[in-house]
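Read through the structure below, which is laid out as structure tokens, and then see the notes.
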Amino acid sequence: MSVLSNLNDKKTPVLYRVIRWFVWQLSPKYRLEGTENLPDEPCVIVGNHSQMFGPIAGELYIPGKHDVWCAGEMMHLKEVPAYAYRDFWSGKPKTVRWLFKISSYLVAPLCVLIFNSAHTVGVYHDTRLISTFRRSMERLDEGSSMVIFPECYDEHNNIVHAFQDKFVDLARFYYKKSGKTLQFVPLYVAPYLSRLYFGTPVRFNPEADIRSERARICNALMDDITRMAVSLPEHTVVPYPNIPKKDYPKNIPLEVFSHEEKTV
């Protein structure tokens with residue numbers, strides 16, 4: 001699937017096609033590294049969120065047929081304001097929070113258009129969660145890979161925040177339905193390098209306890225994303241939380257990382 005694959009799709013709303021073109025123009029032009037690690041079959045690509053850079057790169061640059069998991073609240077007009085304010089702007093200074101509360105209502109119609117027109121699967125944290133897995137399995141059956149950015153606010157290291165682990169259950173449900181074992185491919189999103197790096201796939205083991213599989217797969221993915229990041233020249237890492245740019249962390253180049261390990 002090319003970057004501009006659905007700009008001329010007559011089924012896609014014109015306004016969304018215009019917005020998508022402008023986003024593509026303004027966002028980093030990513031070069032893909034490690035695409036040989038992507039399986040020939042549908043898989044789950046799991047990356048660092050990198051604020052909005054991850055989802056945007058997921059929509060525009062991931063090769064092949066794919067869908068990006070997104071916050072389901074952003075797909076429903078009544079739910080956008082509360083979610084957008086809580087997730088994006090609640091940390092703003094108290095003196096200007098009122099402005100962002102108003103903004104959360106103003107952007108709601110546009111958010112609904114974007115998130116329902118893009119290649120997305122809505123993710124919920126209530127009883128609607130089953131619809132997330134059901135839709136994802138339908139898309140996997142149709143040959144589409146899933147792209148997931150599962151970080152939460154719990155710190156893990158300077159590269160990636162801890163992963164919410166329930167996304168691994170998608171492999172369990174998919175195995176029960178199809179008898180196929182999904183592979184999870186780590187993705188490091190590096191906006192300041194204009195690069196997307198794909199790491200070594202991890203295959204789901206249907207014989208193992210699901211709790212241990214969640215931990216094993218999440219740890220393997222976070223470790224490989226970290227490994228890829230520290231193997232690169234020094235650069236700024238865009239973190240998951242929406243914090244001031246002056247507080248963005250740096251990666252630790254591999255030679256420094258190795259030296260520090262030896263001196264401990």
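Tabulated values for the structure
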| read-out | value |
| --- | --- |
| The range 187-214 residues that are more than 16 Å from MET52 (Cα to Cα) and assigned to a helix (DSSP H, G or I), paired with ones that are among the hydrophobic types (A, V, I, L, M, F, W, C) and open to solvent by less than 40 Å² (accessible area, probe 1.4 Å) (beta carbon under 7 Å, 6 or more apart) | GLU213/VAL168; GLU213/PHE204; ARG214/VAL168 |
| Residue match in the range 200-212 (condition: at pLDDT below 95, open to solvent by 30 Å² or more (accessible area, probe 1.4 Å) and among the basic types (Lys, Arg)) | no |
| Residue satisfying condition, being open to solvent by 50 Å² or more (accessible area, probe 1.4 Å) and closer than 22 Å to ARG135 by Cβ, within set LYS65, LYS29 | LYS65 |
| Exclusive hit being without any contact (Cβ under 8 Å) to a residue 12 or more places away in the chain and not in a strand (DSSP E or B), set ASP126, ASP154 | ASP126 |
| Only one of VAL96, VAL44 that is at negative phi and out of contact with any strand residue (DSSP E or B) (no Cβ under 6 Å at 6 or more places or on another chain) | VAL96 |
| Extreme residue, farthest from GLY122 (Cα to Cα), among residues of the range 164-182 that are of a type in the set (Phe, Trp, Tyr) and open to solvent by less than 40 Å² (accessible area, probe 1.4 Å) | TYR174 |
| Every residue from the range 139-163 that is touching a Pro at 6+ places or on another chain (Cβ under 7 Å) and surrounded by fewer than 18 Cβ atoms within 10 Å (Cβ to Cβ) | GLY143, TYR153, ASN158 |
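The values are calculated or read from the model by the stated rules, or taken from the named source; none is laboratory data. On a predicted model such as this, the values are computed, not experimentally measured, just so you know. Cβ atoms come from the backbone with ideal geometry, glycine included; neighbour counts cover every protein chain shown. The area values use the complete protein model at the heavy-atom level, side chains included, leaving out ligands, DNA and RNA. Shrake-Rupley method; radii C 1.70, N 1.55, O 1.52, S 1.80 Å.
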